[in-house]
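Enquirer: One structure is given below, represented as structure tokens, and several questions about it will come after.
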Amino acid sequence: MMNNVKDYCRKIYNAAYQDKLAEYGNGGAKNADKAEREAQKEAIKTSIIEGMRHFPNASAEEIWNCIYEIHVHRKSGIDDSQTIKNVISADQSWKKSSGHAFEEMVKMLANNSLKGTGIEILLQRDLNTILKAGELDNEPRDISWLKEQVKGNVFDLYAVIRDKGKMYCFGCLQCKTSIRDRVTRDREPSIHAMQSFFWSIAIVLDGKFLQLPKFIAMVNGGSNEFIENGWHGMYVFTDEKATDRIYHIDLDMDILKRHAVQASRQWLQQRQWFNKDWKADNN
């Protein structure tokens, strides 16, 4: 039966896709991208509705999965359901593992660079352990705020400074393999961190989207949409041109080290001035 469902849904999907695509005609690359998005949405929507009408005894989930395979086949050329499942499983595994691996890479490289400064970069789980043990010497409102961030998995890494026998958390770090990866959503918690007088930065592996004015403004501010800066700094491994609060870093993380030292000193000595406007001296 499911073969019949898939064959039927494929005909509906392809017809709806082509009909919607034809509405856009030829209008350049930008128009082609929009046409593709709208056509595939129309194809999915139409085929699930018609599939459920035509096969009332088949479960909606089974029909949906058939359409998913049809869609993947059109986009990739793969038509074997088991191969599709294997590829999806591998992709999900990559996304989960690669993100954590990047966080641990940043932690390792940063801490190698920060030796002798009293500063240490911690994974979220490490900070959680310290919070539960009551080993941070931040004021109570900081502790409460940090516990909320950990509970919500808001930040990936945290910066702590040991000073005069006490340990303080002064920074919140976001690690992204791509600046496009949830950047709009990540900007808001960064702003909240700065409003709470924490050093807030992002470390990015692939910064190619920082060539676009919108993404530059997300970091630096200065546009009608993004008036103010979204981070104290964004540090990028790809060789993007440094622009205001966007900095190029390499494996030695020398710039990050210098900025972390400046931030920790400012935080310890004049925290009341450590707001979104604070900017590291890059000289």
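The values are calculated or read from the model by the stated rules, or taken from the named source; none is laboratory data. Since we're looking at a predicted model, the values are computed, not measured. Neighbour counts run over all protein chains shown; Cβ positions are idealised from the backbone, glycine included.
Enquirer: Of the conditions (1) over 18 Å from residue 189 (Cβ atoms); (2) out of contact with any Leu (no Cβ under 9 Å at 6 or more places or on another chain); (3) of a type outside the set (Lys, Arg), residue 109 clears all except one; give me its number.
Expert: Condition (2) is where residue 109 drops out.
Enquirer: For region 53-67, how many residues meet the condition of being over 27 Å from residue 88 (Cα atoms) and under 38 Å from the mean Cα position of the chain (by Cα)?
Expert: Adding up the residues that qualify gives 0.
Enquirer: If only one of 217, 193, 159 is touching a helix residue (DSSP H, G or I) at 6+ places or on another chain (Cβ under 7 Å) and of a type in the set (Gly, Ala, Ser), which one is it? Break it down stepwise before answering.
Expert: Working: 217 fails: touching a helix residue (DSSP H, G or I) at 6+ places or on another chain (Cβ under 7 Å); 193 fails: touching a helix residue (DSSP H, G or I) at 6+ places or on another chain (Cβ under 7 Å).
Answer to the selection: 159.
Enquirer: Which one of 259, 232, 248 is under 20 Å from residue 114 (Cα atoms) and at pLDDT below 95?
Expert: Numbers: 259 fails: at pLDDT below 95; 232 fails: at pLDDT below 95.
Result: 248 is the single residue among 259, 232, 248 that is under 20 Å from residue 114 (Cα atoms) and at pLDDT below 95.
Enquirer: Moving to a separate point now. Could you list, in sequence order, all residues of region 140-175 that are within 19 Å of residue 191 (Cβ to Cβ) and either assigned to a strand (DSSP E or B) or not assigned by TED's automatic domain parsing to the domain that holds residue 204 (or both)?
Expert: 157, 158, 159, 169, 170, 171, 172, 173, 174, 175
Enquirer: Does residue 137 count as over 15 Å from residue 103 (Cα atoms), surrounded by 15 or more Cβ atoms within 10 Å (Cβ to Cβ) and charged (D, E, K, R)?
Expert: yes
Enquirer: Name every residue in region 140-162 that is surrounded by 17 or more Cβ atoms within 10 Å (Cβ to Cβ) and more than 23 Å from the chain's Cα centre (by Cα), in order of residue number.
Expert: 142, 161 - these are the residues of region 140-162 that are surrounded by 17 or more Cβ atoms within 10 Å (Cβ to Cβ) and more than 23 Å from the chain's Cα centre (by Cα).
Enquirer: Taking region 249-278, which residues are touching a helix residue (DSSP H, G or I) at 6+ places or on another chain (Cβ under 9 Å) and closer than 19 Å to residue 161 by Cβ?
Expert: 253, 254, 256, 257, 260, 266, 273, 274, 275, 278
Enquirer: Follow-up question, since we're still on this one. Can you tell which of 210, 268, 251 is closer than 24 Å to residue 98 by Cα and surrounded by 14 or more Cβ atoms within 10 Å (Cβ to Cβ)? Quick ask: steps written out before the conclusion?
Expert: Numbers: 268 fails: closer than 24 Å to residue 98 by Cα; 251 fails: surrounded by 14 or more Cβ atoms within 10 Å (Cβ to Cβ).
The match here is 210.
Enquirer: Scanning for something more than 12 Å from the chain's Cα centre (by Cα), surrounded by fewer than 19 Cβ atoms within 10 Å (Cβ to Cβ), β-branched (Val, Ile, Thr) and at pLDDT 95 or above, does region 180-201 turn up at least one residue?
Expert: Yes, because at least one residue in region 180-201 is more than 12 Å from the chain's Cα centre (by Cα), surrounded by fewer than 19 Cβ atoms within 10 Å (Cβ to Cβ), β-branched (Val, Ile, Thr) and at pLDDT 95 or above.
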